[in-house]
Amino acid sequence: MRADQPAAAIATLGVPLIDRRIEEYSKQNLSRQSILEQLLAVGWPLDQLRPRFPEFPEAMFRYPQNLSPSLARLPAPTLPTNTRFTLPSVANPSVDRATANAVTVAEGISFQYVPLIQCSFPHADPKDATTFTRKNGWLELTLGTTRPEGGLPYGVPARLLTIYCTSEAVRTNSPEIYLGDSVHDFLRRLDVPITRGARGSLSVYANQLLRLIRSTLTIDENIKSGAGRSGLHIRQALFVEEAQLWWDEPEGRVGNGSSLVLSSVLFHSILERSAPLATHAIKQLRKSPMDLDVYAWLVHRLFHLTKPSMVSWSQLSEQFGHNYREQRTFRRFFLDSLKRVAAVYPEAKLNVGASGILLLPSRPHLANFKAPSKR
């Protein structure tokens, strides 16, 4: 079944997300033109918009060249939990500072969910494992799945897909993530080869998307009150509450009309705790999950660093050392990644020693970031 089939056929899967979005905007008393402009701005496919807005001429159905700051002034849709959420002004300055740029420079800045920077997904296929746990000091993340036979997300595809979902959630301030051409455009901007066949990238990313949609996250964080009282904060979430996927090719290309809804817990947490990354750096490091992990970690750590901080090899191995039997082997691979990361993040200041890596206060990687010129 394709996304352009009659509404009666689609209705068997429930009310399409786009119709729910239109209804939510209507309840906020937005005009029909404002609703159409909002949907165009976040990339809904034209073949879904035209039949829903027949009163407008063809000239209205044009995507904006870039996202106007005025988009941010449009009311955000009511969330599935019937609550409002706005970006915090103090809790996470890294998100706040980058949000304005992300609205107008969507291709230049990407975001990753901070707990997935501190404790990343598996580097390689964990095979039959149904859970995967990583620790990083006071934080522990456990990845699970609602479909054990489907497997856990892993490798480069899992990271790029979570970066895409996080970036879209921050950019649109909505838990609804449009897939189809949008995610493929994102992969093309990263120069990910689009190949077909059983082992082609279309099939690989479709499989990893299903794994991600069916995954669960449990985040345990040791906490301490201002009075010194210790405790544990536990956050548990489905990655996705709902998804509607259309397969446009036998290999499993995610087609137009495909979308997902992040779980309310995860969406709120993403808005609170996401770190900005340079898309051009992701592009250069996209061939290695270790490179992507080290880059995101270094950008996030140095952004908040105000004094030198030593990270031991044992700490680094616990965070990044997926399945390395010996620490010296991990050190060799980690340092190889660090060299590649340093090439795209020359502002990073650090000293490598026998006991670990000394991180030094550095100029933020995105401090003077400018959007690439558009042709």
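Just the accessible area for SER355, please: 1.4 Å probe, Å², rounded to the nearest 10?
Solvent-accessible area, nearest 10 Å²: 80 Å².
Mean separation of Cα pairs under 8 Å and 6+ residues apart, divided by the residue count of segment 216-375: what relative contact order is that in percent? Could the numbers behind the result be given before it?
On the way: 180 pairs, mean separation 28.5, N = 160.
Computed value for segment 216-375: 18 percent relative contact order.
For segment 273-306 and segment 155-205, what is the separation of their C-alpha centers, rounded to whole Å?
17 Å
How much length is gained if the chain between SER355 and GLU242 is pulled fully straight, taking 0.36 nm per residue apart and subtracting their Cα-Cα distance, in nm to one decimal?
Stretched out fully, the SER355 to GLU242 stretch lengthens by 36.1 nm.
Using +1 at the Cβ of each Lys and Arg and -1 at the Cβ of each Asp and Glu in segment 208-355, identify which of TRP297, ILE270, VAL254 lies farthest towards the dipole's positive end.
TRP297
What are the principal axis extents of the Cα atoms in segment 274-341, in Å, biggest first?
32, 32, 20
How do the peptides 281-287, 151-157, 260-266, 52-58 rank, highest first, by the average count of neighbouring beta carbon atoms within 10 Å per residue?
Numbers: 281-287: 18.4, 151-157: 22.3, 260-266: 20.7, 52-58: 10.6.
Sorting 281-287, 151-157, 260-266, 52-58 by mean packing, highest first, produces 151-157, 260-266, 281-287, 52-58.
Kindly sort MET60, MET290, MET310 by accessible area of their heavy atoms, largest first, with the probe set to 1.4 Å.
Values: MET60 55, MET290 10, MET310 100 Å².
Reading off the accessible areas and sorting them downward yields MET310, MET60, MET290.
Can you figure out the FRET efficiency of SER26 with THR218, using R₀ = 35 Å and their beta-carbon distance, to the nearest 0.05? Intermediate results must be reported in sequence, preceding the final value.
Details: r = 37 Å, r/R0 = 1.07.
Calculated transfer efficiency: 0.40.
Can you give me the % of accessible surface on segment 220-375 that is carbon or sulfur? Probe 1.4 Å, all protein chains present, nothing else counted. All intermediate terms of the calculation are to be shown ahead of the outcome.
Details: 3970 of 8100 Å².
Looking at segment 220-375 in its full context, I get 49 percent from C and S.
Placing +1 on the Cβ of each Lys and Arg and -1 on the Cβ of each Asp and Glu in segment 216-369, which of PRO308, SER288, GLY321 has its Cα farthest towards the positive end of the resulting dipole?
PRO308
Please give the contour-minus-distance gain from ALA227 to MET60: 0.36 nm per residue of separation, less the Cα-Cα distance, rounded to one decimal in nm.
Full extension from ALA227 to MET60 adds 54.3 nm.
Calculate the spin-label point distance for ILE234 paired with TYR324, positioning each point 7 Å from the Cα along the beta-carbon direction, and give it in nanometres.
3.2 nm
Rank by packing, highest mean first: peptides 234-247, 123-136, with packing defined as the count of other Cβ atoms within 10 Å averaged across residues. Write out the running numbers ahead of the final one.
Values: 234-247: 17.1, 123-136: 14.9.
Answer by packing, highest mean first, reads 234-247, 123-136.
Of HIS184, THR166, GLY155, which is farthest along the charge dipole of segment 132-220 in the positive direction, counting Lys and Arg as +1 and Asp and Glu as -1 at C-beta?
Going by the charge dipole, the pick is GLY155.
Can you give the Rg/Rh ratio of segment 249-300, where Rg is from the C-alpha atoms and Rh is the Kirkwood radius? Let's see the in-between values first.
Working: Rg = 15.1 Å, Rh = 13.9 Å.
My calculation of the ratio gives 1.09.
In segment 163-197, whose amide N lies under 18 Å from the spot 7 Å out along Cα-to-Cβ of ASP47? List them in ranges.
178-185
The values are calculated or read from the model by the stated rules, or taken from the named source; none is laboratory data. No experiment lies behind these values; they were computed from the predicted model shown. Ideal geometry is used to build each Cβ from the backbone, glycine not excepted, and the neighbour counts take in all protein chains shown. All accessible areas refer to the heavy atoms of the entire protein, side chains included, with ligands and DNA or RNA removed. Shrake-Rupley method; radii C 1.70, N 1.55, O 1.52, S 1.80 Å.
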